[in-house]
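**Q** Below are the structure tokens for one structure; questions will follow.
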Amino acid sequence: MKIEIEIPDQVWNEDPTYSAYFKGVQEEVNRMAVSHYKYGRVDDNAKLSEVDELRSGLKRLLMYSTKGFTREQIDLIWGEDRRKPLNTGNTENLLDANNFFRLEFLFPKHPRAHFKAQTSTQSPGLTFVEEK
């Protein structure tokens, strides 16, 4: 199956890095396809109710990088059973984290989940790398 995504020509022409961005999206889709064969339908309510998508995504984020997290936060996210290496730099963990966060977006468990576009003043903005 082929799905088309629309992006304004001007944006595409001015920023060719979007090609790499959409290749990354394709990699996320590929990971979800593999998961389909491992775990079944993504909208299986019985399985969805058992999964904490946010915590699962945060675990994978920590497997990629622990930067910005305190030891207490890491322990809270992982709990007692941490058998996986952290701070590996393996970008596969970022794809998996994105997919878990997208599942939370599609099937939210937050009691006040909603979508409301934010203005730039409501957004936390960008965080820049500190110079050393």
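We did not get these values from a lab; they are worked out from the coordinates using the rules stated. None of these values were measured; they are calculated from a predicted model. Glycine also receives a Cβ, built like all others from the backbone with ideal geometry; neighbour counts cover every protein chain displayed.
**Q** Report the full-extension gain for the segment Thr17 to His110: residue separation times 0.36 nm, less the Cα-Cα distance, to one decimal in nm.
**A** This chain segment gains 30.1 nm when fully extended.
**Q** May I ask you to compute the full-extension gain from Arg82 to Asp9, defined as 0.36 nm times their residue separation minus their alpha-carbon distance, rounded to one decimal in nm?
**A** Using 0.36 nm per residue and subtracting the Cα-Cα distance, I get 21.7 nm.
**Q** Taking 7 Å along the Cα-to-C-beta vector as the label spot, tell me the Gln26-Arg102 distance in nanometres, rounded to one decimal.
**A** Between Gln26 and Arg102, the simple spin-label model gives 1.4 nm.
**Q** What is the calculated FRET efficiency for Ser49 to Lys2, with r their C-beta to C-beta distance and R₀ = 35 Å, to the nearest 0.05?
**A** 0.60
**Q** Could you identify which residue out of Gln73, Gln122, Gln26 has the top mean-square fluctuation in a GNM of the chain using Cα springs shorter than 10 Å?
**A** Ranking Gln73, Gln122, Gln26 by mean-square fluctuation puts Gln122 first.
**Q** How much net charge surrounds Asp15 when only the other residues with a Cβ under 15 Å from the Cβ of Asp15 are counted, with Lys and Arg +1 and Asp and Glu -1?
**A** -1
**Q** Moving on to the next point. Taking a threshold of 25 Å on the Cα-Cα distance, which of the pairs Lys2/Lys47; Lys67/Lys109; Lys2/Lys38; Lys59/Lys109 fall above it?
**A** Checking Cα-Cα distances, Lys2/Lys47; Lys67/Lys109 exceed 25 Å.
**Q** Same structure again: Calculated from DSSP H runs of 4 or more alone, at -39500 (n - 2.57) each and per residue, what is the 222 nm mean residue ellipticity of the chain, nearest 500?
**A** -16000 deg cm²/dmol
**Q** Could I get the Rg over Rh figure for the chain? Both from C-alpha atoms, Rh via Kirkwood, rounded to two places.
**A** Result for the chain is an Rg/Rh of 0.99.
**Q** In vacuum, with every alpha carbon of the range 24-93 counted as one equal point scatterer, what does the Debye formula give for log10 I(q)/I(0) at q = 0.17, 0.20, 0.23, 0.28 Å⁻¹? Two decimals, please.
**A** Listed by q, the Debye log ratios stand at -0.77, -0.98, -1.12, -1.23.
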